[in-house]
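One structure is given here, and the rest of the page talks about it.
Every number in this text was worked out from the coordinates using simple rules, so none of it is lab data. Fair warning: this is a prediction, and the values are worked out from it, not measured in the lab. Glycine also receives a Cβ, built like all others from the backbone with ideal geometry; neighbour counts cover every protein chain displayed.
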Amino acid sequence: MALYLVLVPLLGALAVFLLPTDRRRPWIVAAVAAVHLTLSASTIALRGIDAPGSTWLQFDALGRLVLIVVSTLFFVCALYCIGYLRLRAGRPNRVFCTALLCFLGMTSLVALARHLMILWVAMEATTLATALLLYFNHNRRSLEATWKYLIIGSVGIALALLGTLFLAYGARLGLGEPTLEFSDLVARAARLPAPWVRTAFVFLLVGYGTKMGLAPLHTWKPDAYGEAPGVVGALLAGGMTTCAFLALLRVYRIVDAAGQGQFARELLVFFGLLSMATAAAFMVGQRDFKRLLAYSSVEHMGILVLGIGIGGAGIFAALLHLINNALTKGVLFLAAGNIHRAFKSKRLEDVTGAMRRLPVSAGLFTAGFFAITGSPPFGPFVSELLVLNAAMGARRYAVAALYLILLAVIFIGMGSTVLAVVQGIPPEDSEGRSFRESAFKTIPIAGTLALVLMLGLWIPDWVSTLLHDAARLLGGS
Amino acid sequence: MPPIADSILIALLLTNFFILGTANLRAAIRGVAIQGLLLGTLPLFVESQPTLRLVTLVVATAAIKGVVIPGLLLKALRDVHIRHEVEPYLGFVASLFLCAIGTALALLFADHLPLAATDRAGLFVPASLATLFAGFLGLTTRRKAISQVTGYLVLENGIYVFGLLLYQAMVVEVGVLLDLLVGIFIMGIVINHIQREFSSLDTERLSRLRE
């Protein structure tokens, strides 16, 4: 079962690569995405019957959680892609579709990996696949963004490898063999030498933190998200960063079991608040609405690690926020992609009155904005409130106060840009007037928003069970 | 650890200085090539049995790090007719000075880490950390895309040296195969495009996207 989740997308990638015509490829991507979603959902329905024996690939609650989130987001994006690639029919999509499915296969591998080295290889492969996605537009600006992403990402991934090696060295010293299997490391973590565990965590935090886009390692993000097609932005902000966060959580669990949890949590709180503060600083007065979303992603990565850093109830809150953030980012980036296409610009100077020209997309964009900034009744409101509660419960009042202040600043900063986009009167002479909001470009977004809304009002039992199981794995409640 | 391994590691450290100190891009790439060849000999000192794996590793490392990648870089340099000056943001003297400090810190830091008795005697850990630092320095203080790539290669070489300490765990291969081959290959393609689009390999010109 585990293997199919990786193999199906990779075989699909091969198929779209070999297919000679551009027109059918997006349909195959969507079909593979549907199969993948079905498989992911069935792993949750059939939990408990995983074939034991494979020590390298296995399901656990945390992996299942990430799998279902990424799979859902990918399915939505694949549907959207059908409309998007039809719009961009002049551009060959062979590489793009192949890279999309490779991305899906590799993110599944990240979710399933039970071995730090496999995890690392999968993250590396995700980096390469997304580099190809980023370069879809083949122009100067996308080239610059891809170059920055590759250089910064490669350094991050190299440091993550070194951190992994440090952990293996610690295992060699403490356990007598350089094992890198999670369950093995967690079970015998108490015997790992503390200096190596700490050094390894710092390197892994910096490495995978770069992939997540935590400040100050976020510098690739605004460029990459700004230049990438909206659908790639959605996959990066909701999929790849989620996978990088999962990698960090795997490492955190080992470090925590080795008795260095306090050290790790302090670092996570620091990076969390720093990311939120950096995002706030750049979001106020931001004139480019796609870069705005990039900084919003920096902010929410900050909230995720902050939740883990607070510990206790914060872990459940962070995991719930992982779902909310991924889905809401999907809504925002896809809606922003439509607006970008219709106005042929993403700067506030050219984009006003989106509500008049694109009532559906602009409405979804606005709703997405309210959701991501934590307004009720959407999902992120619940998870952001839970993070706050956890901080208060852990008597970390200064952290809670800073968190609230930063959320408020971000709400105002983001709001002024978003409102400038949707309100007003659209410019007369815009070449993108021919853009039509077809079903494929709006219904997937609306469906995702409905999920975000649902998570704010009612969390289904199976989701809550999954979240509690995953939180327990990480020592939360 | 036989003393000859330490001599090779010291030679590795010297190439770090050479790569950071030279003003000529071609010479820097040659430095990286020498470093690759030196790395190719290192597995011989961590494993005494002439297994197939050892032979493959030695040959592959020397070929990839010592010949293929430097060759690709030199070819790129020839094909795009760029000037051979390195053009650093940070002066050569300052780079060398920082590299020396980094090397000293690496020695101190490695001394504080708990090491297996066999590794304590050798220079593997400090050489790895110092090379890593030198690579990072090269990556961040050079202007041209191609010299950033050489910096990244040096950084990876540092990781490779550390990976050799975990020879039994088969982690060295992961670093060499995946990261180097694919990563640099794709970077090469990107450089190629940069050249085509910008008619220069200067990353300074990649500065349209900023706040």
Other chains' Cβ within 10 Å of A:109-118 residues: what's the mean?
-> 1
Considering the dipole of the protein assembly as shown built from charges on the beta carbon (Lys and Arg +1, Asp and Glu -1) around the Cα centre, which of A:Cys102, A:Tyr169, A:Thr366 is farthest to its positive end?
-> A:Thr366
Cross-link pairs beyond the 32 Å C-alpha cut-off, checked among A:Lys211/A:Lys441; A:Lys346/B:Lys65; A:Lys329/B:Lys75; A:Lys346/B:Lys144; A:Lys346/B:Lys75; A:Lys441/B:Lys144 = A:Lys346/B:Lys65; A:Lys329/B:Lys75; A:Lys346/B:Lys75; A:Lys441/B:Lys144
Scattering profile of segment A:141-473 from the Debye formula, Cα beads only, expressed as log10 I(q)/I(0) at q = 0.12, 0.15 Å⁻¹, is -0.81, -1.19
Between helix A:25-45 and chain A: long-axis angle, C-alpha atoms, 0 to 90°, nearest 10 | 40 degrees
Chain A: relative contact order from alpha carbon pairs under 8 Å, six or more residues apart, as a whole percent, is 16 percent
By how many degrees, 0 to 90 and rounded to 10, does the Cα axis of helix A:116-134 deviate from the longest principal axis of chain A?
-> 10 degrees
Pairwise label distance in nanometres, A:Arg436 with B:Arg120, each label 7 Å out on the Cα-Cβ vector | 7.7 nm
What number, in percent, do you get for the relative contact order of segment A:74-145 if the mean sequence gap of Cα pairs under 8 Å and at least 6 apart is divided by its residue count?
-> 28 percent
Grab the DSSP H runs of the protein assembly as shown that are 4 residues or longer, score each as -39,500 (n - 2.57), total them, divide by all residues and round the 222 nm result to the nearest 500 deg cm²/dmol.
-> -24000 deg cm²/dmol
For segment A:141-473, with +1 on Lys and Arg beta carbons and -1 on Asp and Glu, the positive-most of A:Leu327, A:Ala471, A:Thr146 along the dipole | A:Thr146
Per-residue ³J(HN,Hα) for segment A:14-22, Karplus 6.51 cos²θ - 1.76 cosθ + 1.60, θ = phi - 60°, Hz, x for Gly and Pro | 4, 4, 5, 5, 7, 5, x, 9, 6
With +1 at each Lys and Arg Cβ and -1 at each Asp and Glu Cβ, the charge dipole magnitude of segment A:141-473 around its Cα centre, to the nearest 20 debye, comes out at 140 debye
Please report, in debye to the nearest 20, how large the charge dipole of the protein assembly as shown is about its Cα centre when each Lys and Arg carries +1 at its beta carbon and each Asp and Glu carries -1 there.
-> 1280 debye
Just for the Cα atoms in the protein assembly as shown, what are the lengths along the principal axes, largest first, rounded to whole Å?
-> 75, 57, 50
What is the set of long-range amide H partners of B:Arg142 at a cut-off below 5 Å, with H atoms built 1.01 Å from backbone N?
-> B:Tyr89
Quick one: order B:Ile34, A:Ile151, A:Ile254 by neighbouring beta-carbon count within 10 Å, fewest to most.
-> B:Ile34, A:Ile151, A:Ile254
Could you go through segment A:330-343 in sequence order and give the Karplus-derived ³J(HN,Hα) for each residue, using 6.51 cos²θ - 1.76 cosθ + 1.60 with θ = phi - 60°, rounded to whole Hz, and x for Gly and Pro?
-> x, 4, 5, 5, 5, 5, 5, x, 4, 5, 4, 4, 6, 9
Which listed residue (A:Ser183, A:Phe203, B:Val154) has the Cα farthest towards the positive end of the charge dipole for the protein assembly as shown, taking +1 on Lys and Arg C-beta and -1 on Asp and Glu C-beta about the Cα centre?
-> B:Val154
Using θ = phi - 60° and the Karplus form 6.51 cos²θ - 1.76 cosθ + 1.60, what ³J(HN,Hα) does each residue of segment A:213-230 get, whole Hz, x for Gly and Pro?
-> x, 6, 5, x, 9, 9, 4, 6, 5, x, 5, 5, 5, x, 9, 6, x, x
Rounded to the nearest Å, what's the spacing between the alpha carbon centres of segment B:1-30 and segment A:315-381? Just the number, please.
-> 52 Å
Would you mind finding the longest exposed-site-free stretch of chain A, with exposed GluC sites (Glu not before Pro) meaning DSSP loop and at most 10 other Cβ atoms within 10 Å?
-> A:1-348
Quick one: helix A:289-310 against the long Cα principal axis of chain A, what's the angle to the nearest 10°, folded into 0 to 90?
-> 20 degrees
Taking H placed 1.01 Å from N in the peptide plane, check which residues at least 5 places from A:Leu57 or on another chain put their amide H under 5 Å from its amide H.
-> A:Arg114
